[in-house]
Ligand code: SF4
C-alpha cells in the first residue's frame, strides 16, 4: 500500500508512534510542579463572591459574616487539601482552583482535631 492510498484522516502506525514519542518528550521537559500547579481562585470569581471568600481572613467583613473570627483560616478548615505549610492548596468548594492558606469563606468548618 502506498502512502497516497491511505485515506486522509487515518494515521499510519509509524506516524502514530512518531507522534507518541514526540509527545512524551514534550511532557518530559515540563517540570512536574508546572503540570500539577492549578490556577489560583480570584476573589472576583463567581463561586468566591457567593461564598464571601477572601485571600486574607483579616479582610472579611465582620458585619456581613458575624460568625467569622480571625482565627478561622483555610489552613485550619476541614476542606483544606494542603499541608499546614502550603501557602496555597485545593479546597472541595473550589474544584481545581487553589485557595490561600490565610483565606476564608463562609463554608469554613473546623478541621477535626484542630484547636
Ligand atoms: S471551605 Fe474552608 S478551605 Fe475552602 S475556601 Fe472556605 S474556609 Fe477556605
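Readers should treat all values here as calculations from the given coordinates under stated rules, not as data from a laboratory. Computed from a prediction, not measured in an experiment: that's the story for all the values here. Heads up, the Cβs are rebuilt from the backbone with ideal geometry, glycines too, and the neighbour counts pull from every protein chain shown.
With R₀ fixed at 25 Å, the C-beta to C-beta distance from residue 49 to residue 84 puts the FRET efficiency at about 0.35.
Under the simplified labelling scheme, the residue 56-residue 71 pair shows an inter-label distance of 2.2 nm, with each label point 7 Å from Cα along Cα→Cβ. Among 96, 73, a tally of other beta-carbon atoms within 10 Å of each Cβ gives an order, fewest to most, of 96, 73. Remark: spin-label model distance residue 110-residue 40 equals 3.0 nm, labels positioned 7 Å along the Cα→Cβ axis.
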